[in-house]
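The values are calculated or read from the model by the stated rules, or taken from the named source; none is laboratory data. None of these values were measured; they are calculated from a predicted model. Here Cβ is always computed from backbone atoms with ideal geometry, including for glycine, and neighbour counts include all displayed protein chains.
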Amino acid sequence: LPAYAPNLNLIERLWKFMKKHIKRNRFYATFEQFVTAIQSFFASLSAYADALATLMVENFEILTCG
């Protein structure tokens, strides 16, 4: 893997998915509300199983040099 390849790192896909669902045009008046939203997201992670499964595909291409 390249030194920095967020598209190839599966956890980066989860962080992006979480960010999309937590921040999507929302304002949290306090940091505690923001933390609660993140905790709620992870508590209900199984509800997003189908959507997450579509993100966790391995579409890799083998490149040969020379």
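Numbers at a glance
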{"quantity": "Residue match in segment 18-41 (condition: at negative phi, in a helix (DSSP H, G or I), of a type outside the set (Asp, Glu) and modelled with pLDDT under 85)", "calculated": "no"}
{"quantity": "Test: LEU52 is modelled with pLDDT under 90, outside any loop (DSSP other than H, G, I, E, B) and surrounded by 12 or more Cβ atoms within 10 Å (Cβ to Cβ)", "calculated": "yes"}
